[in-house]
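Read through the structure below, which is laid out as structure tokens, and then see the notes.
The values are calculated or read from the model by the stated rules, or taken from the named source; none is laboratory data. For clarity, every value in this text was computed on a predicted model and none was experimentally measured. Glycine gets a Cβ as well: all are built from the backbone with ideal geometry, and neighbour counts include every protein chain shown.
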Amino acid sequence: MTHILNPRLIADVFDEDVIIANLDTGTYYSLSGVATQILGALPFQDSSKVFNDIANKFQENSNEIVSELNEYFKKMQDEEVIIVTDSEGKSKKVALKEPLKYIKSEFSTYTDLQELLLLDPIHEIDEDEWKVSDDKK
């Protein structure tokens with residue numbers, strides 16, 4: 001089983017935060033701190049190994065970081081930001097910078113722009129990127 005970024009979502013890095021949008025629901029998320037490294041490691045199979053590798057970058061906080069990463073990984077799974085697939089799958093990988101210092105993580109969920117995000121014309125494009133129209137001409 002491989003953990004991947006849900007392919008139904010889009011993500012981008014702004015400054016030191018990752019913004020993740022679910023264009024199906026209009027919900028978006030902000031992820032900051034050391035937990036952004038989880039997304040940078042996708043796809044992966046063994047979360048314990050990934051979390052230990054990240055924590056080893058910050059020796060003075062390694063135990064705290066592993067606990068923190070587990071907490072935020074669970075939150076991302078609960079929100080279906082990260083999903084499990086049986087195949088290798090294709091992850092939309094987010095490029096992240098190497099952290100210069102330990103920053104405590106935050107994962108926030110926002111629904112205030114749902115109506116606006118759901119009006120986005122990108123929803124009129126199917127998987128093959130052709131405009132979908134219900135009009136019969």
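State which residue is nearest to N63 (Cα to Cα) when the search covers only the range 1-50 and only residues that are under 11 Å from the mean Cα position of the chain (by Cα) and among the aromatic types (F, W, Y). Only one residue fits best here, namely Y29.
Of the residues making up the range 12-24, those that are at pLDDT below 90, surrounded by 16 or more Cβ atoms within 10 Å (Cβ to Cβ) and among the hydrophobic types (A, V, I, L, M, F, W, C) are V13, A21.
The residue pairs whose first member lies in the range 1-21 and is touching a residue at least 60 places away in the same chain (Cβ under 8 Å), whose second member is in a loop (DSSP other than H, G, I, E, B) and small (G, A, S), and whose beta carbons are closer than 7 Å, counting only pairs six or more residues apart or on different chains, are T2/G89; I4/G89; I4/S91; L5/S91; V13/A95.
The numbered conditions (1) farther than 19 Å from K74 by Cβ; (2) in contact with a strand residue (DSSP E or B) (Cβ under 6 Å, 6 or more places away or on another chain) are all true for D15 except (2).
As for the range 46-69, it holds no residue that is at pLDDT below 90, out of contact with any Leu (no Cβ under 9 Å at 6 or more places or on another chain) and at positive phi.
Scanning the range 41-70 for residues that are in a loop (DSSP other than H, G, I, E, B) and closer than 21 Å to A11 by Cα gives L42, P43, Q45. Screening T27 with (1) under 16 Å from E80 (Cα atoms); (2) modelled with pLDDT of 90 or more gives one miss only, at (2).
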